[in-house]
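The values are calculated or read from the model by the stated rules, or taken from the named source; none is laboratory data. A quick note: this is a predicted structure, and the numbers were derived from the prediction, not measured. All Cβ positions, even for glycine, are placed from backbone atoms using ideal geometry, and neighbour counts span all protein chains on display.
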């Protein structure tokens, strides 16, 4: 076999190896993207829109996962879940008499349940990033509710916006309480149902 043939075979072999490596890299990248999209749902799309660079957005989401994996996130006990559920019902009733205070208290309840479950109480953006890992379907509710509450501190946003904030807080609160659907929903006993009917 002459030198030219050996060189051609060598280039061909390198080309085959490069093509295989590229195929493996492409498959791995696609699979990682699918896993992130499945895990984060709408939060994945939001990260892409916000960042503009898909590779960087995915890196940000992976870093969130790695950060939260190091935290000691735990479910609530049955008693904690019941106590928080009752506290939320009180705030819903309180909304009728004092909507701004009820919204402020709802925000505080969300923070309390996050803290007890093991989320660090850092700045708002970090809390949102942390909670998005295990509660991606409702994290946007947290952003919307918080935005309304902050806006209301500057100027009156009106009753309807405050009602929206309560609904958004409730979506995240319920998901945190029941661990994204992994924990049972507290049963409402007949006396409570009647009291809630009278309030609502």
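Listed here are the residues, each with its yes/no results for (1) within 24 Å of residue 153 (Cα to Cα); (2) under 21 Å from the mean Cα position of the chain (by Cα).
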site: 72; (1), (2): no, yes
site: 79; (1), (2): no, no
site: 82; (1), (2): no, no
site: 114; (1), (2): yes, yes
site: 122; (1), (2): yes, yes
site: 129; (1), (2): yes, yes
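Yes/no per residue for (1) under 19 Å from residue 139 (Cβ atoms); (2) over 20 Å from the mean Cα position of the chain (by Cα); (3) not assigned by TED's automatic domain parsing to the domain that holds residue 176:
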{"site": "45", "(1), (2), (3)": "yes, no, yes"}
{"site": "61", "(1), (2), (3)": "yes, no, yes"}
{"site": "102", "(1), (2), (3)": "no, yes, no"}
{"site": "110", "(1), (2), (3)": "yes, no, no"}
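Could you tell me which numbered condition residue 149 fails, if it satisfies all but one of (1) over 15 Å from the mean Cα position of the chain (by Cα); (2) under 20 Å from residue 73 (Cβ atoms); (3) in a helix (DSSP H, G or I)?
It is condition (2) that residue 149 fails.
Kindly indicate whether residue 137 is under 14 Å from the mean Cα position of the chain (by Cα), in contact (Cβ under 8 Å) with a residue 60 or more places away in the chain and not in a helix (DSSP H, G or I). If you could, list the steps in order and put the result at the bottom.
Working: under 14 Å from the mean Cα position of the chain (by Cα): yes; in contact (Cβ under 8 Å) with a residue 60 or more places away in the chain: yes; not in a helix (DSSP H, G or I): yes.
So residue 137 passes the test.
Report yes if residue 93 is in contact with a helix residue (DSSP H, G or I) (Cβ under 9 Å, 6 or more places away or on another chain), buried (at least 17 other Cβ atoms within 10 Å of the Cβ) and touching a residue at least 24 places away in the same chain (Cβ under 8 Å), otherwise no. It would help to see each step written out before you state the result.
On the way: in contact with a helix residue (DSSP H, G or I) (Cβ under 9 Å, 6 or more places away or on another chain): yes; buried (at least 17 other Cβ atoms within 10 Å of the Cβ): no; touching a residue at least 24 places away in the same chain (Cβ under 8 Å): yes.
Considered against the rule, which asks whether it is in contact with a helix residue (DSSP H, G or I) (Cβ under 9 Å, 6 or more places away or on another chain), buried (at least 17 other Cβ atoms within 10 Å of the Cβ) and touching a residue at least 24 places away in the same chain (Cβ under 8 Å), residue 93 comes out as no.
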